[in-house]
Amino acid sequence: MSAPLLSARGLKIAFGGVKAADGIDLDIAEGEIVAIIGPNGAGKTTFINMTTGYLHPQAGTITFDGATITGLAPREIVRRGIARSFQIPQLFTEHTVIENVALKVAAHRGFWHGFRPLLDGPTTAAAMAILDRFGLRDVATARATELNEGARKLTDIAMAMALEPRVLLMDEPTSGVASAEKFAIMDTLVAALRARGVTAVFVEHDMEVVERYADRVAVWSQGRILASGPPAQVLNDAAVLREVIGVEVKHATGPGGGDARA
Ligand SMILES: Nc1ncnc2c1ncn2[C@@H]1O[C@H](COP(=O)(O)OP(=O)(O)OP(=O)(O)O)[C@@H](O)[C@H]1O
């Protein structure tokens, strides 16, 4: 691979006796879409938290575009071009969808001076263009509390995209979303990422989603990366199946084969 855009080397962090990262090495190329899979508690969210400055690793380095970002504050990491979305969407619930996105547009462009001038012409136009890309125009004036989970997730991701990142990290973009809606959400999301050449990393528990949308999958297990490669290869690896899919099937599928998490 040419020089990676994002690179982690020897990342370690422990909480008490729990090694949530125990020597994470990962290189991500510009434009790649990488899925992170692994059992509950493997350290997937911890990796996102360390990369976005919410947690500081106890050892190791993270490099973005050739510069070390380890230990920087979340705000500075966003400024440099890395944004994130959350497992539980972080929306301003009393505000509308367009206001939520406009707030990020304004903050990113330095337009924001309190909430009043938020919906000025240029900010509204920029926010609406983002809503269009995410298929959210129809709910632009809905309050965040009125949205279904799929629209809530997309709004959270649209807010992160308003920061015009080069890298977007997403924690379970389809969790809590009805099975039938997952692919539609991922189609919209991946099209928006590809259109801008945004590099993406997403934590995912649904193997169909991983197979369909990830260029590469990295498998987390007890704070380490067990395997990394194309989904077709990794998802057929016996050690991966035992460690991840076995756990996932037990965890995610009820006796009738339905998706208990949806
Ligand atoms: N801030 C924290 N303080 C204490 N323990 C933490 C903290 N963050 C993570 N942990 C612990 O580190 C381990 C890894 O957590 P993490 O959330 O990264 O796992 P995960 O792979 O994302 O799991 P899941 O799939 O359930 O979201 C867990 O045992 C968790 O309880």
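Structure notes:
- Once the chain from A239 to R137 is taken as fully extended at 0.36 nm per residue, the excess over their C-alpha distance is 32.3 nm.
- Measuring r between the beta carbons of Q222 and D65 and using R0 = 25 Å, the FRET efficiency lands at 0.25.
- Using 0.36 nm per residue and subtracting the Cα-Cα separation, the extra length available between A232 and I88 on full extension is 48.9 nm.
- Protection proxy ranking for 184-194, 91-101, using the average of other Cβ atoms within 10 Å per residue and placing the highest first: 91-101, 184-194.
- From most to least packed by mean Cβ count within 10 Å, the peptides 220-231, 35-46 give 35-46, 220-231.
- The length gained by stretching the chain between A195 and K12 to full extension, at 0.36 nm per residue less their Cα-Cα distance, is 62.5 nm.
- Furthest towards positive pole of dipole, V210, T96, Q58, structure part the chain, Cβ charges: Q58
- Here each label is just a point 7 Å from Cα along the line to Cβ, and for T145 and E164 those points are 3.4 nm apart.
- Electrostatic dipole magnitude of the chain [Cβ: Lys, Arg +1; Asp, Glu -1; Cα centre; debye, to 20]: 580 debye
- Counting only protein heavy atoms and a probe of 1.4 Å, the accessible surface of region 1-102 is 52% carbon and sulfur.
The values are calculated or read from the model by the stated rules, or taken from the named source; none is laboratory data. Note that this is a predicted model, so its numbers are computed, not measured. Cβ: placed from backbone, ideal geometry, glycine included. Neighbour counts: every protein chain shown. Accessible surface is based on the protein model in full, side chains and every heavy atom, while ligands, DNA and RNA are left aside. Shrake-Rupley method; radii C 1.70, N 1.55, O 1.52, S 1.80 Å.
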